[in-house]
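Student: I'd like to ask some things about the structure below.
Every number in this text was worked out from the coordinates using simple rules, so none of it is lab data. Because the structure is predicted, anything quoted here is derived from the model rather than measured. All Cβ positions, glycine included, derive from the backbone under ideal geometry; neighbour counts span all protein chains shown.
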Amino acid sequence: MPRLPALLSLLLLLLPPLVRGLVCASRAAGTAPEGTGLCVCAQRGAVCGSDGRTYPSICALRLRARYAPHAQPGHLHKARGGPCQFAPVVVLPPRSVHNVTGAQVYLSCEVRAVPTPVITWRKIAHSPEGIEVLEELPGDHVNIVVQVRGGPSDHEATAWILISPLRKEDEGVYQCHAANAVGEALSHGTVMVLDLSRYKGLRSPAPADHL
């Protein structure tokens with residue numbers, strides 16, 4: 001009786017071309033439980049299909065191409081290695097926050113895109129003529145810090161803006177702007193500031209001691 005590795009080799013020769021990219025092993029090779037086989041795609045990594053969808057491997061794309069409804073020969077093929085490119089999408093927009101002067105607030109913006117987007121923060125202001133003006137941050141503001149890092153998931157980036165100490169003039173609408181070669185996306189968050197200096201001296205005087 002043929003051994004399992006020999007049977008696997010024979011099976012691969014009989015399988016259609018779409019799965020000939022698979023590499024299979026057996027218990028004898030120490031890679032799978034006894035009596036079973038383990039097959040993986042020989043070419044690792046995601047690929048972009050001609051349909052604009054990302055597939056986890058070339059084998060997955062071939063499988064889809066073979067069994068897709070009304071499939072025509074060559075209708076679905078590998079367009080490029082790696083995931084398909086797409087414009088930025090804000091998956092976690094900044095939220096509105098509030099605090100008092102002298103304290104701190106932060107806004108965060110989580111974006112998904114391929115290729116990795118460039119994320120910037122801007123404050124929306126208005127000129128004396130009423131024209132909307134976008135101020136790039138942090139600019140000259142010594143109390144504002146901007147940070148960007150990759151993650152938390154693949155093809156995502158997160159940007160933060162920290163304002164500390166908070167001033168009344170920091171109140172307003174802040175824009176998260178993400179862009180790559182495919183497109184761009186915008187999202188907004190509002191910072192509201194309570195000016196504590198306006199409330200100084202408004203406390204009622206302590207009652208005089210009664211003799």
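Student: In whole Å, what is the distance between the alpha-carbon centres of region 140-188 and region 109-124?
Tutor: The distance from the Cα centre of region 140-188 to that of region 109-124 comes to 7 Å.
Student: Starting at the first residue of region 53-63, write each ³J(HN,Hα) from the Karplus equation 6.51 cos²θ - 1.76 cosθ + 1.60 with θ = phi - 60°, in whole Hz, x for Gly and Pro.
Tutor: Calculated HN-Hα couplings, in order: 9, 8, 10, x, 7, 5, 5, 5, 5, 5, 5 Hz.
Student: Hey, another quick one. Can you list residues from other chains, or at least 5 along the same chain, whose modelled amide H is less than 5 Å from the amide H of Leu92?
Tutor: Answer set, sorted by chain and number: Glu110.
Student: Under a point spin-label approximation (7 Å from Cα along Cα-to-Cβ), what is the Val23-Glu136 distance to one decimal in nm?
Tutor: Simple spin-label model gives 4.7 nm for this pair.
Student: Another one. Give me the distance in nm between label points sitting 7 Å out from Cα along the Cα-to-Cβ direction at Arg66 and Asp195, one decimal.
Tutor: 7.2
Student: What net charge is computed for the residues neighbouring Ala125, neighbours being all others with C-beta under 15 Å from the C-beta of Ala125, Lys and Arg scored +1, Asp and Glu -1?
Tutor: Values: positive: Arg122, Lys123, Arg167, Lys168; negative: Glu129, Glu132, Glu135, Glu136, Asp140, Glu169, Asp170, Glu171.
That sum, taken over residues with Cβ under 15 Å, equals -4.
Student: Which three semi-axes in whole Å describe the equivalent ellipsoid of region 86-196, each the square root of 5 times a Cα gyration tensor eigenvalue, listed largest first?
Tutor: Values: eigenvalues 131, 52, 24 Å².
Square roots of five times the eigenvalues give 26, 16, 11 Å.
Student: List the relative contact order of region 86-196 as a percent without decimals, with contacts defined as Cα pairs under 8 Å and 6+ residues apart.
Tutor: Values: 289 pairs, mean separation 43.4, N = 111.
Relative CO of region 86-196 lands at 39 percent.
Student: Follow-up. In region 79-151, what GluC sites (Glu not before Pro) fall in a loop by DSSP, with at most 16 other Cβ atoms inside 10 Å?
Tutor: Numbers: sites: Glu110, Glu129, Glu132, Glu135, Glu136; in loops: Glu129.
Qualifying residues, ordered by number: Glu129.
Student: Here is a follow-up. Could you work out how much longer the chain between Arg80 and Asn143 gets when fully extended? Use 0.36 nm per residue separation minus the Cα distance between them, nm to one decimal. Working shown, then result.
Tutor: Numbers: separation 63, 0.36 × 63 = 22.68 nm, distance 4.46 nm.
Length difference between fully extended and current span is 18.2 nm.
Student: Let me ask something else. From Cα coordinates alone, what are the radius of gyration and Dmax values for region 100-146 in angstrom?
Tutor: That works out to 14.0, 39 Å for Rg and Dmax.
Student: Could you tally the net charge around Pro83, taking each other residue with its Cβ under 15 Å from the Cβ of Pro83, Lys/Arg +1 and Asp/Glu -1?
Tutor: Details: positive: Arg44, Arg53, Lys78, Arg80, Arg112; negative: Asp51, Asp154, Glu156.
Cβ neighbours under 15 Å give a net charge of +2.
Student: Given R₀ = 45 Å, FRET efficiency for Lys168-Val91 by Cβ-Cβ distance, to 0.05? Could you put the intermediate results ahead of the total?
Tutor: Numbers: r = 32 Å, r/R0 = 0.71.
About 0.90, to the nearest 0.05.
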